[in-house]
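Peer 1: There's a structure below that I have some questions on.
The values are calculated or read from the model by the stated rules, or taken from the named source; none is laboratory data. Remember, predicted model here, so these are calculated numbers, not experimental data. Reconstructed Cβ throughout: ideal geometry from the backbone, glycine too, with neighbour counts over all protein chains shown.
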Amino acid sequence: MVNVTVEHKDNIMFLDISGSMSFEDIINITRTYMPQATCHVLFNLTDATMDESVTFERLCKLPLLAKEQITERAPNGKSAHVSTDMTTFGMLNMVSIVLEMGNILQKQKVFKSMNKAIEWLTEEVPLQPAAKV
């Protein structure tokens, strides 16, 4: 059974997820909570594991679903996932790389520490100068 608690603090929605997650659980979490995201989202998965129904191929489809669910999110919103489980960390990291290469979704990163994730989510990104024509 999976448990989810939600806290909104500053510009970050914290999702603390614990228990064994099936792919169906991940879909339900995405559909339930992503519409509430207004800026950044931090998925704390340090007390969660993924069962055998969660595969790399299935995880790669999630960002498109998440993008459909996000209606009020700031354009510079980022998602951070925190996991100390090597399998979960590795799968989510591979998904992030695929998404970055395909320019599919806003910035997404995987971390092993909550502090590093929060630091990344809250860092100021300098504006890029306009391209010269």
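Conditions tested, residue by residue: (1) buried (at least 17 other Cβ atoms within 10 Å of the Cβ); (2) of a type outside the set (Lys, Arg).
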position	(1), (2)
Asn11	no, yes
Gly19	no, yes
Arg31	no, no
Leu42	yes, yes
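Peer 1: Kindly evaluate Val4 against the criterion of being touching a Lys or Arg at 6+ places or on another chain (Cβ under 8 Å) and surrounded by 15 or more Cβ atoms within 10 Å (Cβ to Cβ).
Peer 2: Details: touching a Lys or Arg at 6+ places or on another chain (Cβ under 8 Å): no; surrounded by 15 or more Cβ atoms within 10 Å (Cβ to Cβ): yes.
It is false that Val4 is touching a Lys or Arg at 6+ places or on another chain (Cβ under 8 Å) and surrounded by 15 or more Cβ atoms within 10 Å (Cβ to Cβ).
Peer 1: Continuing with the same structure: Quick test for you: out of Met13, Met94, Met1, pick the one residue that is out of contact with any strand residue (DSSP E or B) (no Cβ under 6 Å at 6 or more places or on another chain) and at pLDDT below 95. Step through it out loud before you land on a result.
Peer 2: On the way: Met13 fails: out of contact with any strand residue (DSSP E or B) (no Cβ under 6 Å at 6 or more places or on another chain); Met1 fails: out of contact with any strand residue (DSSP E or B) (no Cβ under 6 Å at 6 or more places or on another chain).
None of the others qualify; the one that does is Met94.
Peer 1: A follow-up question, please. If you take the residues in region 42-78 that are basic (Lys, Arg) and modelled with pLDDT of 75 or more, which one is farthest from the chain's Cα centre (by Cα)? It would help to see each step written out before you state the result.
Peer 2: Taking region 42-78 as the starting set, the residues that turn out to be basic (Lys, Arg) are 58, 61, 67, 73, 78.
Within this subset, residues satisfying the condition of being modelled with pLDDT of 75 or more are 58, 61, 78.
Numbers: Arg58: 15, Lys61: 13, Lys78: 8 Å.
Among those that are basic (Lys, Arg) and modelled with pLDDT of 75 or more, it is Arg58.
Peer 1: Next up: Take the conditions touching a Phe, Trp or Tyr at 6+ places or on another chain (Cβ under 9 Å) and assigned to a loop (DSSP other than H, G, I, E, B) and apply them to Val54. Does it pass? Working first, answer last.
Peer 2: Details: touching a Phe, Trp or Tyr at 6+ places or on another chain (Cβ under 9 Å): yes; assigned to a loop (DSSP other than H, G, I, E, B): yes.
It is true that Val54 is touching a Phe, Trp or Tyr at 6+ places or on another chain (Cβ under 9 Å) and assigned to a loop (DSSP other than H, G, I, E, B).
Peer 1: Same structure, new question: Looking only at region 27-69, which residues are touching a helix residue (DSSP H, G or I) at 6+ places or on another chain (Cβ under 6 Å) and among the β-branched types (Val, Ile, Thr)?
Peer 2: Result: Thr30, Val54.
Peer 1: Here is a follow-up. Could you tell me which residue of region 108-133 is modelled with the highest pLDDT, considering only residues that are over 17 Å from the mean Cα position of the chain (by Cα) and among the small types (Gly, Ala, Ser)? So that I can check it myself, show each step before the final result.
Peer 2: Start the filter on region 108-133 by keeping residues that are over 17 Å from the mean Cα position of the chain (by Cα), which leaves 124-133.
Now restrict to residues that are among the small types (Gly, Ala, Ser): 130-131.
On the way: Ala130: 42, Ala131: 45.
Out of the qualifying residues, it is Ala131.
Peer 1: Of Thr5, Thr30, which residue is farther than 17 Å from Lys109 by Cβ, of a type in the set (Ser, Thr, Tyr) and touching a Leu at 6+ places or on another chain (Cβ under 6 Å)?
Peer 2: Numbers: Thr5 fails: touching a Leu at 6+ places or on another chain (Cβ under 6 Å).
The match here is Thr30.
Peer 1: Report whether or not Leu64 is loosely packed, with under 14 Cβ neighbours inside 10 Å, touching a residue at least 12 places away in the same chain (Cβ under 8 Å) and out of contact with any Phe, Trp or Tyr (no Cβ under 6 Å at 6 or more places or on another chain). I'd like the intermediate steps shown before the answer.
Peer 2: Values: loosely packed, with under 14 Cβ neighbours inside 10 Å: yes; touching a residue at least 12 places away in the same chain (Cβ under 8 Å): yes; out of contact with any Phe, Trp or Tyr (no Cβ under 6 Å at 6 or more places or on another chain): yes.
For Leu64, the condition - loosely packed, with under 14 Cβ neighbours inside 10 Å, touching a residue at least 12 places away in the same chain (Cβ under 8 Å) and out of contact with any Phe, Trp or Tyr (no Cβ under 6 Å at 6 or more places or on another chain) - is met.
Peer 1: Further question on the same structure: Is region 10-22 home to any residue that is assigned to a loop (DSSP other than H, G, I, E, B), under 26 Å from Glu124 (Cβ atoms) and not acidic (Asp, Glu)?
Peer 2: Narrowing region 10-22 to residues assigned to a loop (DSSP other than H, G, I, E, B): 10-11, 22.
When the remaining residues are screened for being under 26 Å from Glu124 (Cβ atoms), the result is 10-11.
When the remaining residues are screened for being not acidic (Asp, Glu), the result is 11.
Looking for residues that are assigned to a loop (DSSP other than H, G, I, E, B), under 26 Å from Glu124 (Cβ atoms) and not acidic (Asp, Glu), one finds at least one in region 10-22, hence yes.
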